[in-house]
2 protein chains.
Amino acid sequence: MSGETDLSDDARPDDIRSDAAADLEDLALDEDYALTAAFVEMVIDAADRGDGARLAELVRALRPADVADLMGFLTGDYREQIVPHIPADALAEILSELDTNIREEVLEIVAPATLAKALEDLDSDDAADVVDDLDDATRERVLAAMPAQERTAIEASLAYEDDTAGRLMQREVALAPQFWTAAQALDYLRQAGEALPELFFDLYVVDPAMRPVGAVSVSRLVRTAPETLLSEVMEPVTDIPVDMDQEEVAYIFDKYHLISAPVVERGGRLVGQITVDDVVGVIQEESEEDMLALANVSDAGRDASMFGIVRSRLPWLVVNLISETVAVSAIAIFQDEIAKIVALAVLLPIISSLGNNASVQTLAVAVRSLASRELNAANTWRVIWREVIAGIANGLALSVIMGAAVIAFYHDWKLALTASIALMADIIIAAIIGILAPLALEKLGRDPAVSSPIIVTFTTDFVGFFALLAIAALILT
Amino acid sequence: MSGETDLSDDARPDDIRSDAAADLEDLALDEDYALTAAFVEMVIDAADRGDGARLAELVRALRPADVADLMGFLTGDYREQIVPHIPADALAEILSELDTNIREEVLEIVAPATLAKALEDLDSDDAADVVDDLDDATRERVLAAMPAQERTAIEASLAYEDDTAGRLMQREVALAPQFWTAAQALDYLRQAGEALPELFFDLYVVDPAMRPVGAVSVSRLVRTAPETLLSEVMEPVTDIPVDMDQEEVAYIFDKYHLISAPVVERGGRLVGQITVDDVVGVIQEESEEDMLALANVSDAGRDASMFGIVRSRLPWLVVNLISETVAVSAIAIFQDEIAKIVALAVLLPIISSLGNNASVQTLAVAVRSLASRELNAANTWRVIWREVIAGIANGLALSVIMGAAVIAFYHDWKLALTASIALMADIIIAAIIGILAPLALEKLGRDPAVSSPIIVTFTTDFVGFFALLAIAALILT
């Protein structure tokens, strides 16, 4: 287990670390590269003893991403003790790795001048991300302490909307005119120095209006005959508009297996590039959002306080309480039937549970298919139809089992028939609402994962309750 | 909208395509780069008319990933008509983009010799993926028709277990001994030709035993003074053991922002490399798996048949029916109470719904935290404790609302007290089981997302039903 090949500038003073530090790192991470409980214990011990030298040693043994992890495993008090021991040249990268709520806390401790110095090491997108978390007063002071060029880059980045390509991109780009030869391009790369990104994969070929017309990968460039024109070896590129939503950007990178892509403003002028490592984070984020939304919970972030957890869940539970209160009105109408046949009260939750489960199955598949564009205008009707047919098949199978179970327990074929018909109706409705709710939300420009669970739960419960009791009223009493 | 910067060998004969083809592509994709319904219509029309020339033209206007998408939007009959019109040199890449169940279908149509020829263009990992889907007889014939070197590479790849680093890696690697200078390395890259991957990002530096000791990014190499030794500029690398699970690999790439990493066999010898584009697919896959598992549905794959959909859902629904039948036994015990106070039958589904919702919230957050290693041995107890406290807070808030609602509807403070206590108990149990179930499954080496929903639903329902009715029996009757 050793260091990393990293996109960002990861220069640490002790790149060739001492054996002791290497041993510490081995102790810090288990075979899965996750922080060990033993190491976290060591940090807590050192902090409890107030042993600053030991804390500094422990923190220095870790890579930035692991320091960020460590912070997540500690409580606020311990974090405060550790921050002063973070090496100045690792601070920026650790900050860009931290979760937002922990980062905000750390930023309050760090002096603006120290922060300004640290941020100069980051690519413009990562630096902007950190600055965005500062309160207004601190932000002014930090930006004022930075060199004009870096400040401008960060301010330009922050001018783009959250979650757009503009925020995701870095402004540092390697580019060349199309009339250059491979040899000229290599000479330029050798001499450009500071203007280039730390690490890059493609040299963008631009026309005189700075519009990208192609790209040559660096690994292709070094294998190209020196006198060859870039325009002869370049490959087509996929332009990313600067205002494109990051979810869209992730979809395009994933679909076409892009490693980097030029970002263009209106009119096609190149303004930056997005690299795949930025996109990996977005993909994680977007699919986590969908998963949490389907479970009716907002993202409280890592190490959320108890209050943060309650705030991310209670509102959804209250909405559920209200919608469920409406749904059970279908039961309240038929109280007389239940008083006569108490078995109905036993069957109600079974139908409700199965209806919910069936609708959430359909819903989850629909949300995933919408996110991956497998479900779109080209096949909407076919997918809806397939869901309905599958719903009918599932409903038939389940209602046969349900009917048999009711006969076995209650020896009442009329009650069995009632339960079977109600269950089948509910499973079919579950399939229909499970696919229509996310499609409708998407059509309205809303996130199909958010609110859908409440809608489908309410619908299947109401229909299930009403069907069972109305049929019971007709057949049984 | 133009072409792409692609990792794999995307050479198409018409890289500079005619204007007509470019117009067709504009028509094919909407602004979000998803296939348009209009284009799919055009393909279906051409197929209905039996117009092979038009079909060929339409397919040629698309990039491989879009052809794969198109296949997903069509039914089997239409796919069969299109396959003969796929250009031979695009076939391999289209195959590697297809969903498994569609790929299997297409592979049955393609002649083994054509397939063998096409596969030579792919990197060894992608080729192995395609070959893996062939039935045994066809596989033998395809492999027999390939040159020995490619065949060996594919057979070696298939020898690794599914979902491991060995299957994910490509064997083509750029490497150099540490005593070489930058100039020697560049000369080597220029001349190595076929042995190198189409596209690569890092030159791995190896010791005489072929163990990776560092890496130099190509973009750094071209900026390094010619006489500098590789050992002076190389950065540390993170070795990936060849038998590491792909989920683990994805975690490491994401955590350390890796672009590529060397894969080593036991003893540390370099056997291949994994690049970030392979990992993007894994990340998508793993988080989709979690999302579907939490919704109690197996992945039926794209364009699953009706039967495929039923098979991916019905078993879960049957398990739910059985577990719910057991849970409602708690209601059956107290049928006398319900007969006396029918309002209890109205309250049961509300408590069940809220309990489920609260437990699934906790469950989803826990599954996500386990996947991202935010929750591990270092903080398990703190997270459990936090969930319990949040559960108590949510339970208190909800039971106050519930109590008020019951008083409003039924003017019965004893019934309100009963409902409030039962709901609070259920919400607290929901928090506990929602965190303990996934932790226990993880501890047992099982997937924490699979089975958890059934366990938490059963527990919260049983506890909710029992609490409400037992308290009712004590207080009300």
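Below is a table of values for the structure above.
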{"item": "Unmet criterion (only one of (1) at pLDDT 95 or above; (2) over 17 Å from B:Phe200 (Cβ atoms); (3) not small (Gly, Ala, Ser)) for B:Val263", "result": "(2)"}
{"item": "Given (1) open to solvent by 50 Å² or more (accessible area, probe 1.4 Å); (2) under 30 Å from B:Gly445 (Cβ atoms), index of the condition B:Gln273 fails", "result": "(1)"}
{"item": "When residues of region B:261-284 are limited to those that are free of Cβ contacts under 8 Å to residues at least 60 places away in the same chain and at the interface with chain A (Cβ under 8 Å from one of its Cβ atoms), the one farthest from the chain's Cα centre (by Cα)", "result": "B:Ala261"}
{"item": "Positions within region A:414-465 being of a type in the set (S, T, N, Q) and either on the phi < 0 side of the Ramachandran plot or in contact with a Phe, Trp or Tyr (Cβ under 9 Å, 6 or more places away or on another chain) (or both), in sequence order", "result": "A:Thr418, A:Ser420, A:Ser452, A:Thr457, A:Thr459, A:Thr460"}
{"item": "Some residue of region B:199-215 being in a loop (DSSP other than H, G, I, E, B), surrounded by 19 or more Cβ atoms within 10 Å (Cβ to Cβ) and without any contact (Cβ under 8 Å) to a residue 60 or more places away in the chain", "result": "no"}
{"item": "Filtered residue count, region B:47-64, keeping only those that are open to solvent by 50 Å² or more (accessible area, probe 1.4 Å) and assigned to a helix (DSSP H, G or I)", "result": "6"}
{"item": "Conditions (1) touching a strand residue (DSSP E or B) at 6+ places or on another chain (Cβ under 8 Å); (2) at the interface with another protein chain (Cβ under 10 Å from one of its Cβ atoms); number of the one not met by B:Val310", "result": "(1)"}
{"item": "Residue selected from region B:382-427 under the condition open to solvent by less than 40 Å² (accessible area, probe 1.4 Å) and touching a Gly at 6+ places or on another chain (Cβ under 6 Å), by the criterion nearest to the other protein chains (Cβ to nearest Cβ)", "result": "B:Ile427"}
{"item": "Boolean, B:Val310 is open to solvent by less than 10 Å² (accessible area, probe 1.4 Å) and not in a strand (DSSP E or B)", "result": "no"}
{"item": "Selection status of A:Val326, closer than 22 Å to A:Asn296 by Cβ, at the interface with another protein chain (Cβ under 7 Å from one of its Cβ atoms) and either of a type in the set (D, E, K, R) or open to solvent by 20 Å² or more (accessible area, probe 1.4 Å) (or both)", "result": "no"}
{"item": "Failed criterion for B:Asp51 (all others in (1) acidic (Asp, Glu); (2) modelled with pLDDT under 90; (3) over 25 Å from B:Val282 (Cα atoms) hold)", "result": "(2)"}
{"item": "Of the criteria (1) open to solvent by less than 30 Å² (accessible area, probe 1.4 Å); (2) modelled with pLDDT of 90 or more; (3) in a helix (DSSP H, G or I); (4) at the interface with another protein chain (Cβ under 7 Å from one of its Cβ atoms), which one A:Leu258 fails", "result": "(3)"}
{"item": "Filtered residue count, region B:329-347, keeping only those that are among the aliphatic types (A, V, I, L, M), within 23 Å of A:Phe462 (Cα to Cα) and more than 7 Å from every other protein chain (Cβ to nearest Cβ)", "result": "5"}
{"item": "Test: residue in region B:70-83 that is at the interface with another protein chain (Cβ under 9 Å from one of its Cβ atoms), polar (S, T, N, Q) and more than 30 Å from A:Asp239 (Cβ to Cβ)", "result": "yes"}
{"item": "Residue among A:Ser287, A:Ser353, A:Ser298 that is within 8 Å of chain B (Cβ to nearest Cβ) and under 25 Å from the mean Cα position of the chain (by Cα)", "result": "A:Ser287"}
{"item": "Odd one out for A:Ala37 among (1) of a type in the set (Gly, Ala, Ser); (2) open to solvent by less than 20 Å² (accessible area, probe 1.4 Å); (3) under 20 Å from B:Ser369 (Cα atoms)", "result": "(2)"}
{"item": "B:Val383 being modelled with pLDDT under 95 and either among the aliphatic types (A, V, I, L, M) or over 34 Å from the mean Cα position of the chain (by Cα) (or both)", "result": "yes"}
{"item": "Tally, over region B:182-198, of residues that are under 33 Å from the mean Cα position of the chain (by Cα) and open to solvent by less than 60 Å² (accessible area, probe 1.4 Å)", "result": "2"}
{"item": "Condition check for B:Ala378: within 7 Å of another protein chain (Cβ to nearest Cβ) and hydrophobic (A, V, I, L, M, F, W, C)", "result": "yes"}
{"item": "Residue among B:Pro453, B:Pro438 that is touching a residue at least 24 places away in the same chain (Cβ under 8 Å), at the interface with chain A (Cβ under 9 Å from one of its Cβ atoms), part of a helix (DSSP H, G or I) and open to solvent by less than 30 Å² (accessible area, probe 1.4 Å)", "result": "B:Pro453"}
{"item": "Residue within region A:228-238 that is surrounded by 22 or more Cβ atoms within 10 Å (Cβ to Cβ) and facing another protein chain (nearest Cβ under 8 Å) present", "result": "yes"}
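Per-residue answers, yes or no, for (1) under 19 Å from B:His257 (Cβ atoms); (2) open to solvent by less than 10 Å² (accessible area, probe 1.4 Å); (3) of a type in the set (Ser, Thr, Tyr):
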site	(1), (2), (3)
A:Asp89	yes, no, no
A:Asp99	yes, no, no
A:Ala127	yes, yes, no
A:Val131	no, yes, no
A:Ala137	no, no, no
A:Glu150	no, no, no
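Yes/no matrix, rows are residues, columns are (1) crowded, with 24+ Cβ neighbours inside 10 Å; (2) touching a residue at least 40 places away in the same chain (Cβ under 8 Å); (3) within 17 Å of A:Ala345 (Cβ to Cβ):
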{"site": "B:Ala330", "(1), (2), (3)": "no, yes, yes"}
{"site": "B:Ile333", "(1), (2), (3)": "no, yes, yes"}
{"site": "B:Ala339", "(1), (2), (3)": "no, no, yes"}
{"site": "B:Ser359", "(1), (2), (3)": "yes, yes, no"}
{"site": "B:Thr362", "(1), (2), (3)": "yes, yes, no"}
{"site": "B:Ala366", "(1), (2), (3)": "yes, yes, no"}
{"site": "B:Glu374", "(1), (2), (3)": "no, no, no"}
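The values are calculated or read from the model by the stated rules, or taken from the named source; none is laboratory data. Please read all numbers here as calculations on a predicted model, not as lab measurements. Please note: Cβ atoms are built from the backbone with ideal geometry, for glycine as well, and neighbour counts cover all protein chains shown. Ligands, DNA and RNA are stripped out before the accessible areas are found, and what is left, the full protein with its side chains, is counted by its heavy atoms. Shrake-Rupley method; radii C 1.70, N 1.55, O 1.52, S 1.80 Å.
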